[in-house]
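Written below as structure tokens is the structure these notes are about.
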């Protein structure tokens, strides 16, 4: 991937993460998952594991966006 592609990918990730609709959807999904977890029966191990996996995937997605933004920052600094 070229330096300009890395920078553009970082800009795209920042635009997406800064979008109010994306942020509202993210917050709603996280609230729903935590609510489902809090209300789940203690003996529902499979259900709680599924919720944990969903949280992990979402956390990884957000981390990937942040990584793209950080890579763009480094690429910009290197280009200067």
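Figures for the structure shown
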{"quantity": "Residue in segment 8-31 that is surrounded by 10 or more Cβ atoms within 10 Å (Cβ to Cβ) and over 19 Å from the mean Cα position of the chain (by Cα) present", "calculated": "no"}
{"quantity": "Cβ pairs under 6 Å, 6+ apart, first in segment 1-25 and without any contact (Cβ under 8 Å) to a residue 40 or more places away in the chain and on the phi < 0 side of the Ramachandran plot, second surrounded by 10 or more Cβ atoms within 10 Å (Cβ to Cβ) and in a helix (DSSP H, G or I)", "calculated": "22/16"}
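FYI, it's all coordinate maths here, none of it is from the lab. These numbers were taken from a predicted model, which means no experiment stands behind them. Note: ideal-geometry Cβ built from the backbone for every residue, glycine included; neighbour counts use all protein chains shown.
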